[in-house]
Amino acid sequence: MSVISDMVVPARAPYSFTMKAGQVMRIIDLESQQAVDALFYNPHDLSERYSAQDTLAAQAAAGGKYYLETGSVLLSNEGRAMVTITADTCGFHDTNAGACSCESNTVRFGHETRFMHACRENFLVELGKYGMGKRDLVSNVNFFMNVPIRPNGELTVDDGVSEPGGYVELRAEMDVLVLISNCPQVNNPCNGFNPTPIRIIVSEGV
Ligand SMILES: [Zn+2]
């Protein structure tokens, strides 16, 4: 398997890159319990992008589960397959809780968190590189994030369960622009209250 890129993304940092159809991306949670927010766009038509709604609706219709796992196909707003999860050591990934933002931090954790760095800001930095902005920021995937649903229907963010060196692998089903936010959140346990680096390896598919 020939490696195309091998990048360590520092704690709290954004990153973006393009994969060609058939290439494979491995996201490695180097130190454990690190949430990795991700968005996907068609680089040839940026109006086509990841759709959490279409992905979960199709998964539910197929009798699938609420979380993303090995075999999950991530769909675009055009209903086309963008990437497929081909391997995973974590077991489940969230695509409901959204990305953390300065605004939601103030509501959830108090006004003093207003100026803490957040995933939404990371995404906006990367979106700007491709001529996109706030209106292009859609619901995202949270790899390695543990978001259980309580019996009363409440959705919570709990301690991450991924182990050091845990990984998730995705195969591009079309050319795809990938945006990453290595989540900087320290007000809930999604990063074990300690954001850490991740590693992303892109390679030719076998
Ligand atoms: Zn975040």
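Data overview
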quantity: Solvent exposure of segment 132-178 as accessible area per residue, Å², 1.4 Å probe; calculated: 46 Å²
quantity: Pairwise FRET efficiency - SER47 versus PHE17, Cβ, R0 = 25 Å, nearest 0.05; calculated: 0.80
quantity: Within the chain: Cβ-based charge dipole about Cα centre, in debye rounded to nearest 20 (Lys, Arg +1; Asp, Glu -1); calculated: 320 debye
quantity: Lys, Arg +1 and Asp, Glu -1 on Cβ, resulting dipole of segment 1-111 about Cα centre, debye, nearest 20; calculated: 20 debye
quantity: Surface share of carbon and sulfur [accessible, 1.4 angstrom probe, percent] for the chain; calculated: 52 percent
quantity: ASP175 versus GLU103: modelled label distance in nm, points set 7 Å from Cα along the beta carbon direction; calculated: 3.3 nm
quantity: Accessible surface, segment 1-104, averaged per residue in Å² (probe 1.4 Å); calculated: 42 Å²
quantity: ARG150-VAL8 FRET efficiency (beta carbon distance; Förster radius 45 Å; 0.05 resolution); calculated: 0.80
quantity: Top of MET174, MET25, MET116 by mean-square fluctuation, Gaussian network on the chain, Cα under 10 Å; calculated: MET116
quantity: Sorted largest first, extent of the chain alpha carbons per principal axis (Å); calculated: 46, 38, 35
quantity: Positive-end residue, the chain charge dipole about Cα centroid, Cβ charges, pick of ILE200, PHE109, VAL157; calculated: PHE109
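The values are calculated or read from the model by the stated rules, or taken from the named source; none is laboratory data. Model, not experiment: these values are computed from the prediction. As a convention, Cβ positions derive from the backbone with ideal geometry for all residues, glycine included, and neighbour counts pool all protein chains shown. Note: areas computed on protein heavy atoms with side chains; ligands, DNA, RNA excluded. Shrake-Rupley method; radii C 1.70, N 1.55, O 1.52, S 1.80 Å.
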